[in-house]
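This report refers to the structure that appears directly beneath it.
The values are calculated or read from the model by the stated rules, or taken from the named source; none is laboratory data. Fair warning: this is a prediction, and the values are worked out from it, not measured in the lab. Here the Cβ positions follow ideal geometry from the backbone for every residue, glycine too, while neighbour counts run over all protein chains shown. For accessibility, only protein heavy atoms count, side chains too; no ligands or nucleic acids. Shrake-Rupley method; radii C 1.70, N 1.55, O 1.52, S 1.80 Å.
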Amino acid sequence: MIDYTKELNEEQLAVVERGDGPCLVLAGAGSGKTRTICYRVAYLLEQGVDPAHILLVTFTNKAAKEMQERVANIIGAEKRILWSGTYHHIAFRMLKQYGSLLGYQNNFTILDSEDSRDLLKICMKVEGVDKKSRRFPSAKVLQGIISYAKNAELTVAEVLAMKHPNWEPLEGEITTIASEYQKRKFAANAMDFDDLLSNLYLLLLKSAPVREKLSKQFQYILVDEYQDTNRVQASIVDTLASLHRNILVVGDDAQSIYSFRAADIENILGFEKKYHDAKIFKLETNYRSTPNILQVANVVIANNISQYEKNLKSVLDIFAKPEVRAFADRNEEAEFIAERILELREEGVPLSHIAVLFRATHHSQALEVELTKRDIPYDYRGGVRFFERSHIKDVLAYLRIFHNKDDAIAWSRVLNMQVGIGPSSAQKIIDRVQKQERVYHAENDSQYEEAEIAKVHTWFKNIEISQFGAGLSARAQVGWNDFLQIFESMQKVKPNSEMGYHPADLIEAVLDSKYNEYLESEYENYRERIRDIEQLALFAERQSDLGKFLGEASMQESFQNASNKEIHDDEKIVLSTIHQAKGLEWEAVFIMNVSQGEFPNERSLQERKGIEEERRLFYVAITRAKKYLHMTFPLVSGFRSVLGGPSMFLDEINRDLIDESGAFGETTVFFDPSDDVDDVQYVPEDELFDYERRKRSFLKDINEL
């Protein structure tokens, strides 16, 4: 027999022993929710419940496997829960058995993401969509729109209005394509991942015998990470629990951060409305973080209105206060973080126990450069390293051919992304360019050696570049014209008479060209990609020489690739988006760029309850830290180097809970209710300025003097 009183605290024990009927378990960060679920399953098995009558729903197969193993270790037997796994895994098993009732054969195919995009391209062609003649969302963007509509139980029109207003004029065509996509999947006896969920729910609604059989079979249903469920998932488990009503959902509304994936926080907040007799349990004992960190977390999340109130309590001893630091710009912020990481390593904290978290991927650029400079290895989570991102490589390729016409690799990259230009057409253009380059150099060899700066782009100034597209097919000519529009926007940039072309100006020219439209059409997250390019331009402000800048960017990528091949993960720090860091923990955590306009991001101000989700995201970041927590922000940030200040979330923290020494000198921009309002200093809007541009202009004037 298991002695549950020794294995569990009072909060966990209550869930395990009294978890019959509808139950909502509000499990705070680091409170042992997985342990509680596993012991609840062990308790049911010990009470004689047949394993086949238990349904355990998780969000990853890894979590399901871990819970299976932990349950087996607890009960000391090989009893396995026959029905455990992700929603998609469980739906697949059920549809294999009953899918014929919806018109599918039991050997139906599951389409992966690439298969789905390929089928959508066919549907676009059937609908007569011609991307060479007008802007239209790519198959990948359409895939995201259709997926969100299904999971959120919304129409395509509603999703466009909510998330993609730029494509609303095309609503009729997009709806038709979505309908054609659905018909073709069914005709091919195939489902995508979203169909697994929607078809299972449809099956449960349409077939009373199946609904009754399954709801009778599953006497106990346990759902992990309930705050991350979408409407379809919640409806499925509600239907399966309709007979026995033994549904125990575990989650934390304060960690609901995936609305962009159609997760609906109302599932957990509205649980008591669906189940009026629901029992509410709270796991508030935290085994991860020090009291100092939890005090900050509690104060921050208390500002949310739509929530279940919780107060996390630590079992650990008091340690250092979380620190807040302000810096002149992102470069200074990055230098501090890198320096502090090295100090922590000297103090005995392994690099693998240190993480730097950020709201958006473009926030990491300055830090990645600084870490590379100091030879601090890192593992990037939640995306691709800055200089390895496709759109960054695109922009750098444009700059490379602007700088060096012989760069066939850069030519190949920028040409192959154009409509109608494939490898063969691209090679024809490259051959013509390189032939003309050799002729030009042969005719101007003496001048070429005399004036290095003057040579830059004289070649393209003296001939009509459009001639290189002669003989291309009509379709390829469209792509070539798009390329010319981008390149000609770069040619309009005026060079500095002494230093040549400034790389930041050229990057801005690419961003303000047709390439911006390309991003919007091809990527659902095009806004984030634009912010990345803006960050690249900010990085370029530090280099006035185009050649040196390209060399620096190339070395960043090469160094990162080479250095990480020889280093094990346990010898690297972690760089991660906060979304990707959920569920993880580190000894020391840095939350960077917690600044106005960046965190919360500007779009959240326009979204319903957007600020509350951003605050939950900040809460998740804080509660990843065990002992050390640093929150930093630059006073000047963004592409235009705007004077900002601390995030509103930092303003909400009582100053006696944090160490802000050295953050602002003698002046603080924090607001505290106890302050005399007349003494609070605000930054007027008319003081916003373009710091880097003014600095560069100033240095230029000094040099001329």
**Message:** For the range 313-322, check the following and say yes or no: at least one residue is surrounded by fewer than 22 Cβ atoms within 10 Å (Cβ to Cβ), under 20 Å from VAL249 (Cα atoms), in contact (Cβ under 8 Å) with a residue 60 or more places away in the chain and charged (D, E, K, R).
**Reply:** no
**Fill in**
Selection over the range 9-65 where residues are charged (D, E, K, R) and under 22 Å from TYR275 (Cα atoms) yields a count of 6
**Request:** May I ask you to list the residues in the range 370-411 that are free of Cβ contacts under 8 Å to residues at least 24 places away in the same chain and of a type in the set (Ser, Thr, Tyr)?
**Result:** SER390
**Asked** Between residues in the range 476-498 that are part of a loop (DSSP other than H, G, I, E, B) and residues that are among the aromatic types (Phe, Trp, Tyr), which pairs lie under 9 Å by C-beta distance while being six or more apart or on different chains?
**Response** VAL493/TYR501; LYS494/TYR501; PRO495/TYR501
**Prompt:** Which residue pairs have Cβ atoms closer than 8 Å, lie 6 or more positions apart in sequence or on different chains, and pair a first residue in the range 28-40 that is under 20 Å from ALA621 (Cβ atoms) with a second residue that is of a type in the set (D, E, K, R) and part of a helix (DSSP H, G or I)?
**Reply:** SER31/GLU11
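Yes/no matrix, rows are residues, columns are (1) of a type outside the set (A, V, I, L, M, F, W, C); (2) under 22 Å from the mean Cα position of the chain (by Cα):
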{"site": "TRP83", "(1), (2)": "no, no"}
{"site": "PHE92", "(1), (2)": "no, no"}
{"site": "GLN97", "(1), (2)": "yes, no"}
{"site": "GLN105", "(1), (2)": "yes, no"}
{"site": "PHE108", "(1), (2)": "no, no"}
{"site": "SER113", "(1), (2)": "yes, yes"}
{"site": "ASP118", "(1), (2)": "yes, no"}
{"site": "ILE146", "(1), (2)": "no, yes"}
{"site": "LEU154", "(1), (2)": "no, no"}
**Prompt:** Going by the conditions given, is GLU343 free of Cβ contacts under 8 Å to residues at least 60 places away in the same chain, touching a helix residue (DSSP H, G or I) at 6+ places or on another chain (Cβ under 8 Å) and surrounded by fewer than 20 Cβ atoms within 10 Å (Cβ to Cβ)?
**Reply:** no
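Each row is one residue, and each column tells you yes or no for (1) more than 20 Å from ALA553 (Cβ to Cβ); (2) assigned to a helix (DSSP H, G or I); (3) within 18 Å of the chain's Cα centre (by Cα).
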site: ARG340; (1), (2), (3): yes, yes, no
site: LEU344; (1), (2), (3): yes, yes, no
site: VAL349; (1), (2), (3): yes, no, no
site: VAL356; (1), (2), (3): yes, no, yes
site: ASP375; (1), (2), (3): no, no, no
**Message:** Just to confirm my filter: which helices (runs of 4 or more DSSP H) fall fully inside the range 149-208 and include at least 1 residues that are in contact (Cβ under 8 Å) with a residue 60 or more places away in the chain?
**Reply:** 171-187, 193-206
**Message:** Exactly one of these conditions fails for LYS393: (1) open to solvent by less than 40 Å² (accessible area, probe 1.4 Å); (2) assigned to a helix (DSSP H, G or I); (3) at pLDDT 90 or above. Give me its number.
**Reply:** (1)
**Asked** Within the range 115-174, can you find the residues that are open to solvent by 20 Å² or more (accessible area, probe 1.4 Å) and among the hydroxyl-bearing types (Ser, Thr, Tyr)?
**Response** SER133, SER147, TYR148, THR155
**Item:** Output for the range 266-291, where each listed residue is in contact (Cβ under 8 Å) with a residue 60 or more places away in the chain and within 19 Å of ALA621 (Cβ to Cβ)
**Value:** ASN286, TYR287, ARG288, SER289, THR290
**Prompt:** Do we have any residue at all in the range 74-92 that's in contact with a Cys (Cβ under 9 Å, 6 or more places away or on another chain) and at pLDDT 85 or above?
**Reply:** yes
**Top-ranked residue in the range 492-532 [being among the polar types (S, T, N, Q) and farther than 29 Å from ARG359 by Cβ; ranked as most open to solvent (accessible area, probe 1.4 Å)]** = SER497
**Request:** Please tell me if ARG475 is within 26 Å of GLY597 (Cα to Cα) and either at pLDDT below 85 or within 31 Å of the chain's Cα centre (by Cα) (or both).
**Result:** no
**Request:** Mind listing just one residue for me: the one in the range 247-285 that is buried (at least 21 other Cβ atoms within 10 Å of the Cβ) and part of a loop (DSSP other than H, G, I, E, B) and, of those, nearest to the chain's Cα centre (by Cα)?
**Result:** ILE257
**Message:** Restricting to the range 406-423, count the residues that are assigned to a loop (DSSP other than H, G, I, E, B) and over 19 Å from GLU552 (Cα atoms).
**Reply:** 7
**Asked** Checking ASN107 against (1) touching a helix residue (DSSP H, G or I) at 6+ places or on another chain (Cβ under 8 Å); (2) touching a residue at least 24 places away in the same chain (Cβ under 8 Å); (3) farther than 19 Å from GLU522 by Cα, which test does it fail?
**Response** (1)
**Asked** If you check ILE318 against the conditions, is it under 25 Å from the mean Cα position of the chain (by Cα) and either modelled with pLDDT of 95 or more or assigned to a loop (DSSP other than H, G, I, E, B) (or both)?
**Response** no
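Residues checked against (1) free of Cβ contacts under 8 Å to residues at least 12 places away in the same chain; (2) crowded, with 21+ Cβ neighbours inside 10 Å; (3) touching a helix residue (DSSP H, G or I) at 6+ places or on another chain (Cβ under 9 Å); (4) not hydrophobic (A, V, I, L, M, F, W, C):
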{"position": "THR577", "(1), (2), (3), (4)": "no, no, yes, yes"}
{"position": "ASN593", "(1), (2), (3), (4)": "no, yes, yes, yes"}
{"position": "GLU602", "(1), (2), (3), (4)": "yes, no, no, yes"}
{"position": "TYR619", "(1), (2), (3), (4)": "no, yes, yes, yes"}
{"position": "THR623", "(1), (2), (3), (4)": "no, yes, yes, yes"}
{"position": "LEU629", "(1), (2), (3), (4)": "no, yes, yes, no"}
**Single residue of the range 51-70 satisfying the filter (touching a residue at least 40 places away in the same chain (Cβ under 8 Å) and either assigned to a loop (DSSP other than H, G, I, E, B) or open to solvent by 40 Å² or more (accessible area, probe 1.4 Å) (or both)) that is farthest from TRP586 (Cα to Cα)** = HIS53
**Asked** When PHE639 is evaluated against the numbered criteria (1) open to solvent by less than 10 Å² (accessible area, probe 1.4 Å); (2) within 21 Å of the chain's Cα centre (by Cα); (3) at pLDDT below 95, which criterion, by number, is the only one it fails?
**Response** (1)
**Prompt:** Out of all the residues in the range 334-361, which are over 30 Å from TYR526 (Cβ atoms) and among the hydrophobic types (A, V, I, L, M, F, W, C)?
**Reply:** PHE336, ALA338, ILE341, LEU342, LEU344, VAL349, LEU351, ILE354
**Message:** With the requirement that a residue be of a type in the set (Val, Ile, Thr), surrounded by 18 or more Cβ atoms within 10 Å (Cβ to Cβ) and out of contact with any strand residue (DSSP E or B) (no Cβ under 8 Å at 6 or more places or on another chain), what does the range 286-305 give you?
**Reply:** VAL300, ILE301
